[in-house]
Structures are given as structure tokens and as C-alpha cells.
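Heads up: the structure comes next, in C-alpha cells.
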Amino acid sequence: MEIDLSRRELSWVLGGPQGGGINASAELFARALARGGLSVFANIEFHSNIMGKHSYYRVTAAPHPIRSHLDEIHVLVALDEETLFGDAAQRKHYPSHVGHVHQVLAGGGIVYDADLKIDPARFERDDIHLYPIPYLEVLEVALASAGRAGQARKHIVMRNTVALGASIGLIGYDEDLVEAVIRESFKGRKAEAADLNVAAVRTAAAYARDHFAARPGVQLRAVPVGERVQRVLMKGVHAVGIAKLKAGLGLQAYYPISPATDESVYLESKGSAYQLVVVQAEDEIASINMAVGAAHMGVRAATSTAGPGFALMSEGIGFAAITESPGPVIFLWQRGGPSTGLPTRSEQADLQFALHPAHGDFPHIVIAPGDLEEAFYHSFEAFNWADRYQVPVIVLLDKFLASSLYTVPGIDTSRLRIDRGLVYQPQPPDRNGYRRHALTANGISPRAVPGTPGSIFSTTSDEHDPQGHITEGVENRIAMMRKRMEKLETAAREIPSSFKYELFGPRKADVTLLAWGSSKGALLDAVPALERRGRSVNVLQIRLMRPFPAAEVGQILGDSKTTILIEGNYSGQLGALVREHTGIMPTHKVLKYDGRPFSRNEIIEGVETALSDRSPQVMVSHA
Amino acid sequence: MPEASPPRTYALQEYKTDVHVDWCPGCGDFGILSSIQQAFYQLQLPPHRIAMISGIGCSGKTPHYVDTYGLHTLHGRALPVATGAKLANHELTVVAVGGDGDGYGIGAGYFLNSGRRNLDITYIVFNNGVYGLTKGQASPTLAKGLRTKSMPEASIQEGINPIAVALGAGYTWIGRGYALDVKHLVGLIVEAIQHRGTAFLDVFQTCPVYNDLRTKEWYAGADIGRPRLRRLDQDPGWEPHVRNPRDVDEIVEKKVRALQASYETGDDRLAIGVFYQVDLPTYDEQMAHKVPALKDHPLVDLPLDQRNIEPLLRELE
């Protein structure tokens with residue numbers, strides 16, 4: 001396949017051993033691209049390993065909005081041989097990957113270390129450009145220019161910067177923007193490191209230009225200064241973290257787990273400035289229960305975890321529900337399951353788990369944002385729902401959203417309102433008679449804030465009467481079950497439809513793509529390509545999983561002749577949910593359960609295969 | 001501004017609810033409940049400034065019987081809930097209660113880690129050696145070889161020494177009482193609540209229905225002709241308080257003495273009283289260093305809905 005220049009899009013991959021600093025280099029590059037007014041979508045794939053195993057960072061950039069990655073690579077930057085050819089040669093057992101050379105598009109190029117002395121024939125490609133760069137030698141020249149001659153071995157970690165610089169020289173990007181970003185990230189005592197890194201980038205870029213006449217087929221220019229829009233470049237962990245601060249979060253309890261930890265660490269780093277208490281608990285059972293304790297005391301509380309930790313939170317969620325705790329909000333960053341599964345990879349396989357997180361029937365709310373803006377707005381609103389309906393709320397995210405780094409046009413905070421729900425005001429004070437679980441028509445009982453005179457209550461995880469005391473009486477049980485479950489009906493009536501689902505494209509189309517969560521970007525970016533192939537397509541993204549917008553979804557799908565369910569799991573969990581509530585079964589399924597996020601290509605291939613082969617079920621995996 | 005009303009006093013009755021207490025007749029829990037109420041009364045704590053947090057089991061019902069704010073939580077999870085509650089409002093007096101199975105079995109991880117944390121809360125364990133509410137199975141404190149009347153076989157596991165575990169975990173106030181010596185127990189609870197840091201109080205409690213071995217008569221030593229319980233405070237040489245918390249040698253010495261007292265002479269001589277106490281920075285105080293606004297106000301009163309997130313967005317541009 002030739003590089004499609006009409007897209008004006010660059011797909012750049014930096015690969016190397018884990019712990020070798022590829023994150024820092026790739027994120028620096030991504031920031032320099034964003035500074036140039038480009039739209040950036042970057043994401044990392046890495047092993048559950050501290051040091052040594054293959055990881056790679058993919059940066060896609062374009063002057064027009066993009067929200068997904070491609071399988072194809074225009075420029076591959078390799079820090080080691082494994083990035084090129086995989087690990088079959090080094091491993092005795094099942095190889096984990098075959099390298100990235102085959103993904104490089106014709107006309108694309110590969111930057112690699114000349115010291116690896118790789119015979120060009122090994123690439124088995126005569127349609128791409130090879131750029132062997134002697135990393136250490138170039139680094140030595142760069143360091144010498146900065147007055148650090150003879151220190152290349154000491155600064156060996158800067159090989160990354162050399163590789164990055166060479167690729168920047170080859171694609172013709174503005175080195176001044178790169179320099180500016182480097183100088184911002186190395187300030188104060190680290191200022192000297194900035195000089196060295198700038199020297200490495202500039203020396204390597206010049207070396208690449210001087211030694212190789214042929215350039216990769218895709219060149220990337222910054223948007224002209226006057227036309228540049230400054231965008232926020234953030235990851236899901238930032239979007240969620242900032243939303244929580246905006247929502248007035250008081251306490252976050254967590255236990256370290258991939259891929260959720262970064263969010264808590266980010267919040268803790270802002271704890272002093274933003275008056276936030278972050279507690280590293282002894283396990284996830286403690287996390288959820290600390291959060292429930294804080295929520296009952298009137299503080300907005302949250303916990304953040306992944307599947308294995310969520311499994312431990314089960315009884316705590318039921319406890320929050322039966323005691324009508326105002327929250328907590330539980331952020332579930334899905335990863336590959338079951339059990340330890342694929343700790344650092346992405347999957348959408350916890351939807352049914354999030355819908356049934358504990359024993360018994362109880363109300364809770366589950367929302368699944370599809371991108372970083374939704375992650376922000378949904379996370380913010382989740383706290384309002386927790387207070388209004390006094391239920392646990394689950395925000396369902398995944399590793400892909402957690403670690404994807406991309407440009408967001410901006411967060412509009414002007415319309416955000418904090419709603420703490422009904423709070424009991426004792427009148428007159430110091431007169432008891434308060435009923436914490438008073439029976440009401442909409443199921444919501446005003447909550448008292450402990451510490452306040454005149455509203456003393458005890459409540460319990462046992463079934464209880466309106467005052468919160470244990471009772472096993474039949475009439476009370478029926479009334480309490482109805483009262484609690486009624487809150488779900490109330491929430492369903494009150495939550496605006498923009499939080500429930502979104503239909504992208506025409507109201508009626510030949511084919512409806514039904515999906516949820518982080519595949520949104522790849523889906524929307526795939527639609528124009530499908531339309532160019534003559535397909536009439538719309539996309540139905542489900543956001544609110546509980547209470548489920550059954551009538552609205554049923555109506556849309558009822559109008560659709562062909563519905564293709566697209567999900568990152570084995571069983572089609574959203575499909576089961578839709579069928580449960582609407583009786584409608586998607587005509588086709590495109591599923592993916594290899595632990596990697598959907599690429600744009602996989603969506604296109606999956607849809608085309610489903611339609612042309614008339615396959616009811618298609619599995620895609622390009623990784 | 002309304003005129004400041006004179007500080008009111010609270011009657012003992014104001015710490016009691018009218019909820020029917022459904023413990024068995026003669027249960028040791030009555031002594032502990034009464035001691036808790038009397039301690040609150042002695043300290044004249046306003047009932048609305050107290051949060052009682054309990055686990056599951058007979059002891060878990062305690063908050064329903066004490067007229068303060070209360071959360072009757074999950075089996076083994078009283079301490080995490082109490083931790084969250086205290087962090088949300090450190091001005092409240094937070095008292096966690098639970099059984100020995102609750103605290104040393106299913107909640108063992110929280111028993112350990114709460115010692116590390118040293119939040120300013122009190123944790124009272126109703127220790128009767130059995131799982132009462134599920135009809136008398138062996139709890140983590142039932143000694144090896146014992147077989148209560150509802151056990152099909154004798155226990156082949158050792159019973160743990162909670163005082164020793166608490167010393168290792170880092171509790172800064174460690175005591176033990178006896179449910180049927182209410183006067184002594186009230187004093188211990190008062191001291192535990194007054195202690196700045198996590199106070200851990202293990203209470204020998206009789207279960208007249210399921211533990212037919214550790215009975216009122218057994219504690220009284222009817223079979224050996226002298227009481228089994230020995231009050232530490234009756235030993236003139238006993239000094240459990242660390243005078244200089246920066247003196248590692250003194251801490252080690254006091255901990256070793258407490259450990260010895262906790263093992264003393266096995267089942268024939270059981271020490272009750274204060275085993276160990278030290279003043280160390282609490283988790284709440286250290287959190288207030290990280291989040292300075294907590295020095296003046298509890299978290300629940302901070303204007304957290306006024307945050308300006310623009311700087312956070314700008315630093316990501």
C-alpha cells in the first residue's frame with residue numbers, strides 16, 4: 001500500500017526496551033507537534049515488566065482533527081533490534097511479537113542504530129527508506145558541541161533523543177518547537193540537561209539530513225503561526241483527575257494497580273495545592289470502604305481501580321447501595337482479563353461485571369465515556385449523581401483511554417454545576433426524629449451530614465427501617481426495596497439524554513455501528529473511509545449503561561436494517577445488554593480480544609468483512 | 001448572631017437509644033456497651049460529634065444502641081470505613097468496634113495497617129473466642145486444642161495474641177479490658193479516646209451461649225482458686241507510657257515489657273490494663289502537613305467546589 005498523502009497525516013512509532021525512556025521522548029515529540037498547531041493522537045503499548053521488554057509509543061499527527069491511530073507506520077524509529085524484527089530469535093517459547101518492519105508503508109522509512117550492523121537484506125523491503133544512524137557517535141558529537149566531549153557512555157540514555165532528532169530531521173518538522181518543549185521540561189537544576197538534549201536533537205537532525213538524500217514519503221509541517229490553535233494535550237488519567245478536582249472531590253482512596261494508578265498519583269501530586277486527601281490503602285477492599293466512610297460523612301469520595309481490584313470491591317459497592325451512601329464514584333479502568341490477565345493492555349470486557357458488581361438487587365449508575373472530553377464531563381457529573389441519588393456510580397474506562405495522549409480542543413467549565421442533592425436541615429436543631437431512609441415518592445431521602453446536631457442516625461448493611469435500624473419485617477423489606485430501586489427510575493427520568501447515548505451521522509442509514517467506550521475515536525475516523533466505499537453508515541454510541549436508555553436505543557435500532565456491534569471483548573457484552581433491554585439483537589458482531597485497542601483499519605476491515613462475507617461474527621486483530 | 005448558649009451538659013441517658021438490644025441474656029457485650037456509654041458520658045462528648053463504626057456480628061449492632069452517628073458496616077471492614085470517616089471529618093470522635101473474628105480474621109489486614117497509620121481513632125474488639133452469630137465456630141483467638149460445645153472437633157490452629165500483633169503493627173495505645181469489669185473498662189475506654197493516635201483495646205468478653213470454656217467462672221478462676229485476670233495498674237512498677245518518643249531504646253524496652261505481659265503465663269494469668277502508649281504524629285496531623293487547610297477545618301467543611309482547574313489545563317498545553 002502506498003502512503004495516502006491526501007490524508008496529510010503522519011504515523012510515527014518509537015520502539016525500544018521498557019525503562020529505556022521511550023515515553024519521555026515520544027511525549028516530548030507529541031507536545032512539540034501539538035505546539036505546532038497539529039492534532040495529535042498518541043498511545044503506548046508496553047509489557048507488565050519494569051525493564052527490558054519491548055514497548056512502543058505511537059504518535060499520529062495531522063493538521064486536521066484525528067482521534068485514532070492507524071496500523072500503518074510512516075516513520076519507524078527503533079532503539080533496538082527487537083523493535084524491527086520481534087523477539088522470535090531471542091525467546092525459546094512463544095514469540096510475543098514480530099516487530100514493526102512489516103507495518104511500515106511503502107515510501108516510509110526506518111530510523112535505527114547503525115551500530116546494530118543489520119544487513120539491509122534482512123528487512124526484505126525494497127520499497128522503504130532505511131536510515132541507519134550511529135546513535136552513539138552522533139551523541140558524542142552532540143555532547144562535544146555542548147562541552148561534554150567523551151561522555152557519550154555516561155549519557156547513553158540520550159540515544160533516544162538522537163533517534164528522535166534524526167526522525168525529526170527526516171520528516172522536516174520545526175526543530176525550534178522541539179527545543180522549546182525540551183527547555184520547558186528541563187528547568188532549574190535540570191537546565192543543563194536541556195542544553196544536552198537540544199544539542200542531541202539538532203545534531204541528529206542535521207546528521208540525518210546530511211547523510212540521506214531521500215526523505216520518507218510523509219513530511220510534517222507545523223501549522224503556520226497565525227493559524228495555530230493551542231490545544232490541551234492530555235491523557236485519560238488527566239481528564240479524569242482534573243474533572244474530579246473540579247467536582248469537589250475530597251478523598252480518593254486507592255491501591256496500586258495498572259492501569260489505574262497513574263490517575264491517583266496525578267491527584268496526589270495536586271493534593272496540597274487543591275486540598276485533596278489521597279490515601280494509598282492496604283487493598284481495594286479498604287479503598288472502597290474508606291471511600292464509603294468518607295461519603296457518608298458528607299465528603300465527595302472516589303476510588304480508582306482495574307478489574308482485579310474491582311472484584312475485591314464487590315461487597316463495598318453493595319454496602320454503599322444499601323446504606324444509600326452518596327457515592328462513592330468508582331473509576332474502573334478496564335484491562336485485559338480475567339484474573340491478572342493482561343495487566344498493561346486494553347479490553348472492554350468488564351461491562352457486564354460493572355453492571356452486576358455485587359450480590360442482590362440494588363441501584364447503581366454505570367456510565368462509559370468514549371473519549372477524553374466525555375471522560376471529563378461524565379466524571380464530573382458522576383459525583384452529582386452520587387449525591388442526588390445516593391448511589392454508587394461507576395465510571396467505566398480502560399487502559400487505552402488512561403494512557404492515550406491526545407489533543408483536546410478545550411474543556412468548557414462554564415456550564416458545570418455542582419449539585420450535592422437533598423441535604424437534611426434539622427428544624428429546630430437538637431430535636432431528634434430524623435429518618436435517614438425516609439420513604440419518599442422518588443426514592444430519595446434527604447441525607448444528614450454527621451457531626452450536625454439534630455439529625456443523628458445509624459445505618460447498616462443489614463436491611464433496615466427508615467431510621468436505619470435493623471429489621472427483617474416483610475412490609476418494610478418490600479417498601480425499602482421499592483424505595484431504593486425507585487431512585488433508578490428517578491435517575492433515568494432526570495439524566496439528560498446527552499449522557500445516555502449519541503447517534504453520529506444520519507438518523508437513518510443502511511448500517512448502524514453499535515459501540516461504546518474507547519473505540520469511539522477509531523469508529524468516527526473510520527466512517528469517512530466507509531462512506532468513500534459507498535456505505536451508508538451511522539454510529540450509535542451508548543454511554544449510560546445503567547439506567548439503560550432502553551426506549552431511545554430500541555427506537556434507533558428498530559429503524560436499522562443492519563446493526564453491527566463493535567466491541568473489544570469476546571462475548572459482545574453491550575450486545576447482551578441491548579438485547580436484554582430492547583429485545584433487539586445486532587445482525588453482526590465485530591469483536592476484538594487481543595488486548596489491544598481498535599485501530600481505524602480494524603474497524604474498516606471488520607465492517608467490510610461482516611457485510612461482504614455476511615459473517616454474523618468477525619474477529620479482528622492487526623496488532 | 002444569636003447569643004452563644006452556655007455549654008450544655010449531657011446526661012448518661014442521652015447516649016442510649018430506645019432500640020431493643022437483641023443480645024442473649026448474660027452476654028458480655030452488655031458490659032462493653034454500658035462502658036462505652038459511660039465513657040462518652042464521663043468525657044461529656046456531644047453525641048452528634050461521635051461516629052461509631054462497627055463490623056458484622058453481635059458486636060456490630062452496638063452503634064444502633066448508642067445514640068450517636070453510626071455506621072454498621074461489613075464483616076471485617078469497620079476500620080477502613082472508620083478511616084474514611086475520620087479523614088472526612090477529623091473533628092469527630094470516631095470509635096470503631098467489632099468482634100475478634102471480624103478484626104483478627106476477616107479484617108486482619110485492616111487491623112495491621114491501621115496500626116501503621118495511627119489515625120486519631122479508637123478501636124475496641126469484643127474478644128470472645130468464637131463466632132457467635134454463626135453459632136460458635138472457633139475464632140482467631142481460640143487457643144489450640146480447645147473445643148467449645150458447638151465445635152465438632154478441637155481447634156488445630158494456634159490462637160493469636162492480639163496485643164503482640166498490635167505492638168508489631170505500630171499501635172500507639174494498646175490496652176485490654178474485661179467486659180464484666182465495667183468500672184475498669186470505662187477507665188480504659190476514656191483513656192483510649194483521649195489518646196492522640198489509634199488506640200487499640202481488646203476486651204475479653206464472655207459468650208454464655210457458645211463459649212462454654214471462657215466463662216465468667218473461668219475468668220474468675222473458680223477452678224484454680226484465684227482470679228485469672230491480673231490488673232497491670234496494680235503492679236507499682238508498671239509504666240506503659242513512653243516518656244520520650246524519640247528514644248528508640250525506651251520504645252523497645254516498653255514494647256518488650258508489653259510483649260512479655262501479653263504472653264505472661266498463658267491461660268492461667270491474663271493481664272488487663274494499658275500495655276503500651278506512645279505519642280507519635282498521627283496520620284491526621286501528617287495529612288494536615290500535606291493539605292494545610294486541614295489545620296483549620298475538617299475536609300467536609302472546605303470549599304472544595306470552588307477549585308480553579310485552569311492552571312491544570314494550561315500546564316498540559
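Brief remarks follow.
- Flag for A:Leu416 being touching a residue at least 24 places away in the same chain (Cβ under 8 Å) and either surrounded by fewer than 18 Cβ atoms within 10 Å (Cβ to Cβ) or away from every other protein chain (no Cβ under 13 Å) (or both): yes
- When every residue of the range A:386-398 is checked against the conditions, none turns out to be in a loop (DSSP other than H, G, I, E, B), over 20 Å from A:Asp419 (Cα atoms) and modelled with pLDDT of 95 or more.
- For the range A:224-247, the candidate set comprises residues that are part of a helix (DSSP H, G or I) and within 7 Å of another protein chain (Cβ to nearest Cβ); within that set, the residue that is nearest to A:Thr413 (Cα to Cα) is A:Lys246.
- Boolean, B:Val19 is within 8 Å of chain A (Cβ to nearest Cβ), of a type in the set (Val, Ile, Thr) and assigned to a helix (DSSP H, G or I): no
- Residue satisfying all of: in the range B:104-139; at pLDDT below 95 and out of contact with any strand residue (DSSP E or B) (no Cβ under 8 Å at 6 or more places or on another chain); nearest to B:Ala154 (Cα to Cα) among these: B:Lys135
- Members of the range B:263-297 that are small (Gly, Ala, Ser) and either more than 30 Å from A:Gln280 (Cβ to Cβ) or in contact with an Asp or Glu (Cβ under 7 Å, 6 or more places away or on another chain) (or both): B:Gly266, B:Ala271, B:Gly273
- Residue list for the range A:338-367, restricted to those being closer than 21 Å to A:Leu401 by Cβ, surrounded by fewer than 21 Cβ atoms within 10 Å (Cβ to Cβ) and of a type in the set (Gly, Ala, Ser): A:Gly341
- Qualifying residue in the range A:424-431 (condition: within 14 Å of another protein chain (Cβ to nearest Cβ) and under 29 Å from the mean Cα position of the chain (by Cα)): no
- Considering (1) in a loop (DSSP other than H, G, I, E, B); (2) free of Cβ contacts under 8 Å to residues at least 24 places away in the same chain, the lone condition that B:Glu250 does not fulfil carries the number (1).
- Among residues of the range A:9-21 that are more than 17 Å from A:Ile110 (Cβ to Cβ), those with a Cβ under 7 angstrom from a residue that is surrounded by fewer than 24 Cβ atoms within 10 Å (Cβ to Cβ) and among the hydroxyl-bearing types (Ser, Thr, Tyr), sequence gap 6+ or separate chain, pair up as A:Gln18/A:Ser55.
- Meeting the requirement of 1 or more residues that are under 28 Å from A:Leu342 (Cα atoms) and of a type in the set (D, E, K, R), the strands (runs of 3 or more DSSP E) wholly within the range A:508-623 are A:544-546, A:562-567, A:588-591.
- Selection of the range A:423-474 for residues being surrounded by fewer than 16 Cβ atoms within 10 Å (Cβ to Cβ) and within 20 Å of A:Ala294 (Cβ to Cβ) yields only A:Val423.
- All positions within the range B:169-191 that are under 17 Å from B:Gly115 (Cβ atoms) and touching a helix residue (DSSP H, G or I) at 6+ places or on another chain (Cβ under 8 Å): B:Ala169, B:Gly170, B:Tyr171, B:Trp173, B:Ile174, B:Gly175, B:Arg176
- Residue in the range A:97-107 that is within 22 Å of A:Arg221 (Cβ to Cβ) and of a type outside the set (A, V, I, L, M) present: yes
- Here A:Thr413, A:Thr452, A:Thr459 are screened, and the one residue that is of a type outside the set (Lys, Arg) and part of a strand (DSSP E or B) is A:Thr459.
- Residue within the range A:369-382 that is under 15 Å from A:Thr305 (Cα atoms), over 14 Å from the mean Cα position of the chain (by Cα) and not hydroxyl-bearing (Ser, Thr, Tyr) present: no
- Residues of the range B:277-309 classified as under 27 Å from the mean Cα position of the chain (by Cα), part of a loop (DSSP other than H, G, I, E, B) and more than 9 Å from chain A (Cβ to nearest Cβ), total: 6
- Close pairs from the range B:39-59: first within 13 Å of chain A (Cβ to nearest Cβ), partner modelled with pLDDT under 95 and in a strand (DSSP E or B), Cβ under 8 Å, at least 6 apart: B:Gly57/B:Tyr131
- B:His75 being within 13 Å of chain A (Cβ to nearest Cβ) and free of Cβ contacts under 8 Å to residues at least 60 places away in the same chain: yes
- Checking A:Ala273 against (1) free of Cβ contacts under 8 Å to residues at least 40 places away in the same chain; (2) in a helix (DSSP H, G or I); (3) over 28 Å from A:Arg484 (Cβ atoms); (4) within 7 Å of chain B (Cβ to nearest Cβ), the condition it does not meet: (4)
- The range B:253-276, subset over 23 Å from the mean Cα position of the chain (by Cα) and assigned to a helix (DSSP H, G or I), residue nearest to B:Arg226 (Cα to Cα): B:Asp268
- Residue within the range B:84-97 that is closer than 25 Å to B:Lys183 by Cα and more than 13 Å from chain A (Cβ to nearest Cβ) present: no
- Being buried (at least 16 other Cβ atoms within 10 Å of the Cβ), within 14 Å of chain B (Cβ to nearest Cβ), under 30 Å from A:Thr413 (Cβ atoms) and of a type outside the set (Phe, Trp, Tyr) is a property that does not hold for A:Lys187.
- Counted residues, the range A:285-308 - those being surrounded by 24 or more Cβ atoms within 10 Å (Cβ to Cβ), more than 10 Å from chain B (Cβ to nearest Cβ) and of a type outside the set (S, T, N, Q): 3
The values are calculated or read from the model by the stated rules, or taken from the named source; none is laboratory data. Predicted, not measured: the structure shown is a model, and the values here were computed from it. Virtual Cβ from ideal backbone geometry, glycine too; neighbours counted across all protein chains shown.
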